[in-house]
Amino acid sequence: MKTQMTGAQIVVQALKDQGVDTVFGYPGGAVLPIYDEIFQQNDIRHILVRHEQGATHAAEGYARSTGKPGVVLVTSGPGATNAVTGMTDALMDSIPMIVLTGQVPTFMIGNDAFQEADTVGITRPCTKHNWLVKETDALADTIHKAFHVAISGRPGPVLVDIPKDVQFANGTYVKPQKAAIGHYNPRVKGDIDKITELVELIEKAKRPIIYSGGGVINSGKAASMLLRDLAKSSNFPVTSTLMGLGAYPANGDNWLGMLGMHGTYEANMAMHDCDLMICIGARFDDRITGRVDAFSPKSKKAHIDIDPSSINKVIHVDIPIIGDVGHVMEDLLKIWKSRGRKIEKEAISKWWKKIEEWRAVDCLRFEQKGKTIRPQYALERLEALTKDHDRYITTEVGQHQMWAAQYLGFNDPHRFMTSGGLGTMGYGLPSSIGVQLAHRDSLVINIAGEASFQMNMQEMGTAIQYRLPVKQFILNNERLGMVRQWQELLHGERYSHSWSEALPDFVKLADAFGAKGILCKDPGDLDDAIMEMINYDGPVIFDCLVEKHENCFPMIPSGKAHNEMLLGEASTQNTIDATGAVMV
Amino acid sequence: MNALSLKKGISRKSAYDLRSLYGDEIESHTLAVIVDNEAGVLARVIGLFSGRGYNIESLTVAEVDHEGHRSRITVVTIGTPAVIEQIKAQLGRLVPVHDVHDLTVEGPSVERELALIKVNGVGEKRVEAMRTADVFRATVVDSTLESFVFEITGAPEKIDAFVDLMRPLGVSEVARTGVAAITRGT
Ligand SMILES: Cc1ncc(C[n+]2csc(CCOP(=O)(O)OP(=O)(O)O)c2C)c(N)n1
Ligand SMILES: [Mg+2]
């Protein structure tokens, strides 16, 4: 009953049996046998990118928008090293991804062979786990195990390095159900005693807040529903990290907006003043906490996370609960409801009054006046004109990314795909391609900066080749805007290398690729231009010329506490001291 | 071991009892990490320590279960209680890691190290070297007219003391295995 196949056939069969429909890749000498097998079948669609980094971000976009792992296939040496940034990005944001790399034949490993790189050595710190497969018989097991590791527990990227002779040789294929996947099996159920302790605090809390993160989205749709249930039945306010946007809807009654460095005034003030913080699938990143020793000084803190190493890493918590956030919230709701779903009703309505006062500050307010488009206005109009569409948003990295998080509303999980942990410029365009492949009929928009866009703009070719109508919405300030902002606030307005010179004509660039180019610089033309973009059935590069010196507010400068937030230009003078300046 | 003031963790059965995570005193802990004996596993563990800025004071590794493909890594590390907890959690989430035991907390435990020490000398120094070796129950595993190789096992501190005494008597080389450790009792 044992099936013999070549290594290359095993790779393709294993992918099929894992339910893979799309692979992002780029061929080369060390993966030719696998490409030969891909050529001879029709179940798996291979998307030829223009650069291996593009393949990894496209796979991330696919994974982030579907919840399924993204798959990448690249050659040895430069193919593998080009994939490093995307793997690191996926590791930081806990995105399931399987990267298959070709390797020089086993008998040449260690000889500095042509296109040899120590791929498992290089990628050990940027994968959840990786394997060099030295025998064809071990290949099927290893690939199945790789999928298991990528999606179990805290998801992440994994890599399987496959020498060329292993691809040619014959070996035994085993199905996923029969594979030896080893002992790795993180626990998903939380400790009931700890959950009960949290229920007791929920019943007594007077100024509670739910701080949710990407873990809720990673856990699956059910977790987002449970989060909504918890917020609704407790009437607790909800804020979220950049990674968690959409798990609780932006149009929900209890929504405070995003928190952290560029979060809303009300979210950060509520975090600072709360008496109970329930952190669900977030990790107290430095973009969230600001100055750690001034972080939410008056609160009891509970932390639900599937990764034990996230707990007590940055912030000491009173109630650590290790488990999948979906499972834990389910138990939590069950216990709390069985005890009569008590809350301190009066205190909580008082707390909401306080929050309303903060909200009245209207920290995202801006005025569109004059002849120059303000970036906030561009996004406000984009939101108004696209929010009723079946819409997915990706972003690049910089000011535009933060404005997208502030001015676009996400009402469902998996709708906002951004590089949070690594902050990778060049992520957004390839990511939008991966998203569009998974959602052919949806409106997919990449909110870009003109500098980030140029980091992977070659992928426009991929969009054209596969007829992917991705919209590249560039907020063109001719500046490395976020860098410029920091130089203004921290470095005495010495704008060292933070402007975009010699920019391409983006309309002509679109033309050259066979896409549509749209230029817009007048606020009065904006709506029509956006409609033209939406209605065009094909990829668009939208060059939106915006105010060049706009800063992104609110802002908690590094080294400051949540209640030391800058709200606008007037408050920026001499606010960042030397200790803050050394932080990133 | 070094100039830092080292405080041993309190011996308790549970890893979470009584130790305040927020002490800022540097402690020394001995961890036993049970791993799959697969290619690169040691690189993973060492990479974790260097990548995250943790300290390795001593590290030993060897297969302990041939059929089960298991190795035991004994690592002595120092850090504040919070850092030690992080180290254990970070080790615990590596895919090939089965178990992480903090012997300092789970103790009491025995720690042993083996050393080979080459001492060159003649005459009175040679006699003195033999006398010292006797006191420490070190054995001679090689000798020429001008040299001895002593073998000694014991707690690391005992080996430190032995080497210090031997040094003026002509130590030319020292080879140490690093610490192996195991809990006492069943
Ligand atoms: C690959 C990479 N290199 C450098 C940076 C540092 N960086 C962060 S934002 C930024 C400027 C981005 O400029 P742009 O894409 O035009 O966006 P804007 O801030 O102007 O909206 C830079 C250089 C980064 N995040 N990623
Ligand atoms: Mg820019």
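The values are calculated or read from the model by the stated rules, or taken from the named source; none is laboratory data. This one's a predicted model, so the numbers in the text were calculated from it and none came from an experiment. Reconstructed Cβ throughout: ideal geometry from the backbone, glycine too, with neighbour counts over all protein chains shown. The accessibility values were calculated without ligands, DNA or RNA, using every heavy atom of the protein model including side chains. Shrake-Rupley method; radii C 1.70, N 1.55, O 1.52, S 1.80 Å.
Miscellaneous remarks
- Sites A:Glu564 and A:Asp528 - FRET efficiency at Förster radius 30 Å, r taken between beta-carbons, to 0.05: 0.10
- The amide H of A:Gln103, built 1.01 Å from its N in the peptide plane, has A:Ile162, A:Lys164 as neighbours under 5 Å, considering only residues 5 or more places off or on other chains.
- Theoretical FRET efficiency, 1/(1+(r/R0)^6), r = Cβ-Cβ of A:Thr196 and A:Glu346, R0 25 Å, to 0.05: 0.55
- Here's how it looks for A:Val317: its modeled amide H is under 5 Å from those of A:Asn312, which are all 5 or more places away or on a different chain.
- Principal-axis analysis of the Cα atoms of chain B puts helix B:81-92 at an angle of about 80° to the longest axis.
- A cut-off under 12 angstrom between Cβ atoms defines the neighbours of A:Pro469, and their net charge, with Lys, Arg +1 and Asp, Glu -1, is +2.
- Protein-protein interface of the range B:75-108, residues with accessible area decrease of at least 50 Å², isolated chain reference, 1.4 Å probe: B:Gln86, B:Arg93, B:Val95
- Restraint check, A:Lys16/A:Lys128; A:Lys521/A:Lys548; A:Lys369/A:Lys521; A:Lys128/A:Lys301, Cα-Cα greater than 18 Å: A:Lys16/A:Lys128; A:Lys128/A:Lys301
- Set of the range A:390-423 residues, backbone N closer than 13 Å to the point 7 Å along the Cα-Cβ line of A:Ser442: A:390-395, A:410-418
- Once the Cα-Cα distance is subtracted from the 0.36 nm per residue extended length, the B:Val140 to B:His66 segment shows a gain of 23.5 nm.
- Accessible area of the range B:109-183 belonging to carbon and sulfur atoms, whole % at 1.4 Å probe: 56 percent
- The residues A:Arg391, A:Arg50, A:Arg494, sorted by heavy-atom accessible surface at 1.4 Å with ligands and nucleic acids left out, run A:Arg494, A:Arg50, A:Arg391 from largest to smallest.
- Among residues other than A:Gly246 with Cβ under 15 Å from its Cβ, the summed charge is +2 (Lys and Arg +1, Asp and Glu -1).
- Interface of A with B. Using a 1.4 Å probe and counting protein heavy atoms only, the two chains hide about 1400 Å² of accessible surface, both sides summed.
- Built amide H within the under 5 Å cut-off of A:Leu276, gap 5+: A:Arg207, A:Ile209, A:Lys300
- Estimated from the Cβ-Cβ distance and a Förster radius of 35 angstrom, the FRET efficiency linking A:Gln368 and A:Ser233 is about 0.30.
- Residues B:Arg176, A:Arg415 ordered from highest to lowest accessible area at a 1.4 Å probe: B:Arg176, A:Arg415.
- Within chain A, longest stretch free of exposed GluC sites (Glu not before Pro) [DSSP loop, at most 12 other beta carbons within 10 Å]: A:1-366
- Neighbours of A:Met269 by Cβ distance under 12 Å: Lys/Arg scored +1, Asp/Glu scored -1, total -2.
- Of the chymotrypsin sites (Phe, Trp or Tyr not before Pro) in the range A:471-503, those whose Cβ has at most 15 other Cβ within 10 Å and which sit in DSSP loop: A:Tyr495
- Solvent-accessible area per residue, Å², over the protein assembly as shown with all protein chains present [probe radius 1.4 Å]: 42 Å²
- Cα-based shape type of chain A, given that a ≥ b ≥ c are square roots of the gyration tensor eigenvalues and the cut on a/c is 1.5: oblate
- For the protein assembly as shown, share of DSSP beta bridges that run antiparallel, in % to the nearest 5: 40 percent
- Heavy atoms of A:Met457 accessible to a 1.4 Å probe, total area in Å² rounded to 10: 50 Å²
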